[in-house]
Amino acid sequence: MAIIEVKGLTKSYQDGEEKNEIFRNIDLNIEDEKFAAIIGKSGSGKSTLLNILSGLDSADAGEVIVGGKKIHLMKDKELSAYRSRDIGFVFQSFHLIPVLSVWENITLPVKFAEMSVDAKYVEELMEMLEITEKRNALPATLSGGQQQRVAIARALSNKPAIIFADEPTGNLDAETGNKVLELLVNGIRRYHQTLVMVTHDMDIAKHADVVIRMEELKNSTI
C-alpha cells in the first residue's frame, strides 16, 4: 500500500527573467514501512522533492497525497499541523536548540503539537540511540554523531508515520555516519515507519528497499 502518492508534480524557480524547470510531470508511489532513498547529482532536485513531500515547499502543479491527505491543497495552518503531527524530519545540520537539553530538544515537537509526552517511549528512543546518559546535556557538549542521534530521536518523538531525512550523515565521518544510519533504519523498522532519505552516497542507498533516481524520475513514472 502506498503511503506517498505523487501525480504530475512540476516545480520550477525564477532566476531573474529566466524560469528554470527543476522537474516536470513526476509520478511516484512510495510504499508504507519502506526505506526509500532519493539519489541524484547536485542540482537534480532531490532535496526540492523531499521538501515538497514534507510540506516545507510547494509545487507549481501536481498532486501530493501523504497518508491519504492531499497536502498540496492544505493551507498554512493545516500544513503546520501535518508537519508537527504526521511526519518527522532529520536535517544534515542537526538544528538542535542550543539552550535546551537533550531531553528538551527531543520532546520539543511533541509539545509544539500540543500532544502529551510519552516519557517511557522517549526513554526507549534514547536507549536505542545510545544517548540516555546525555539526557541533561546541552548540544554544544555533544559530538556530531551524538547530536545527530538526538535529532533522530526528536524526529521519532511524535510517533510519526513518515521520517524525511535530507543527507542526515553528510556532516559526519564515514564510521559515525554508518552507525547513525544503522540506528535510524533500526528505528523505523522497530516502530513500523516509512523513511524517505535524500543522499548522494550509494553505500547508503544500497541499504534502502527502493532507490529513486532523479535522472530517471524526471518526466517519467517509477
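The values are calculated or read from the model by the stated rules, or taken from the named source; none is laboratory data. Note that this is a predicted model, so its numbers are computed, not measured. FYI the Cβ positions are ideal-geometry reconstructions off the backbone, even for glycines, and counts take in every protein chain you see. For the accessible areas, the whole protein counts, side chains as well, though only heavy atoms, and no ligand, DNA or RNA atoms are used. Shrake-Rupley method; radii C 1.70, N 1.55, O 1.52, S 1.80 Å.
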Next item on the list: Go through (1) open to solvent by less than 70 Å² (accessible area, probe 1.4 Å); (2) in contact with a helix residue (DSSP H, G or I) (Cβ under 8 Å, 6 or more places away or on another chain) one by one and return the number of the condition Asp27 breaks.
Entry: (2)
Checklist line | Condition met for Ala165 (closer than 24 Å to Ala113 by Cα, hydrophobic (A, V, I, L, M, F, W, C) and touching a Pro at 6+ places or on another chain (Cβ under 9 Å)) | finding: no
Next item on the list: Among the residues of the stretch 166-200, count how many are under 16 Å from Phe91 (Cβ atoms) and part of a loop (DSSP other than H, G, I, E, B).
Entry: 8
Notebook entry, point to check: Of these, Ser12, Ser58, Ser42, which one is without any contact (Cβ under 8 Å) to a residue 24 or more places away in the chain and either open to solvent by 70 Å² or more (accessible area, probe 1.4 Å) or farther than 28 Å from His192 by Cα (or both)?
Noted result: Ser58
Next item on the list: Scan the helices (runs of 4 or more DSSP H) fully inside the stretch 81-157 and keep the ones with 3 or more residues being surrounded by fewer than 18 Cβ atoms within 10 Å (Cβ to Cβ).
Entry: 102-112, 119-128
Note to self: With the structure loaded, tell me whether Asn171 is open to solvent by 50 Å² or more (accessible area, probe 1.4 Å), more than 27 Å from Ala2 (Cα to Cα) and touching a residue at least 60 places away in the same chain (Cβ under 8 Å) or whether it fails that test.
What the structure shows: yes
Check: Only one residue in Tyr121, Tyr82 is aromatic (Phe, Trp, Tyr) and either under 23 Å from Ile38 (Cα atoms) or within 15 Å of the chain's Cα centre (by Cα) (or both), so which one is that?
Finding: Tyr82
Next item on the list: With the condition kept exactly as written, say whether any residue in the stretch 206-220 is assigned to a helix (DSSP H, G or I), in contact (Cβ under 8 Å) with a residue 12 or more places away in the chain and touching a helix residue (DSSP H, G or I) at 6+ places or on another chain (Cβ under 6 Å).
Entry: yes
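The rows are residues; the columns are (1) surrounded by 15 or more Cβ atoms within 10 Å (Cβ to Cβ); (2) at pLDDT 90 or above; (3) not basic (Lys, Arg).
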{"site": "Glu175", "(1), (2), (3)": "no, no, yes"}
{"site": "Lys179", "(1), (2), (3)": "yes, no, no"}
{"site": "Val185", "(1), (2), (3)": "yes, yes, yes"}
{"site": "Gln193", "(1), (2), (3)": "yes, yes, yes"}
{"site": "Val198", "(1), (2), (3)": "yes, yes, yes"}
{"site": "Met202", "(1), (2), (3)": "no, no, yes"}
{"site": "Ala205", "(1), (2), (3)": "yes, yes, yes"}
{"site": "Asp209", "(1), (2), (3)": "no, yes, yes"}
{"site": "Arg213", "(1), (2), (3)": "yes, yes, no"}
Notebook entry, point to check: Based on what the data block shows, is Lys46 of a type outside the set (A, V, I, L, M) and in contact with a helix residue (DSSP H, G or I) (Cβ under 7 Å, 6 or more places away or on another chain)?
Noted result: yes
Next item on the list: Those residues that are part of a loop (DSSP other than H, G, I, E, B), among the acidic types (Asp, Glu) and closer than 25 Å to Leu184 by Cα, I need them from the stretch 31-80; list them, please.
Entry: Asp32, Glu33, Asp57
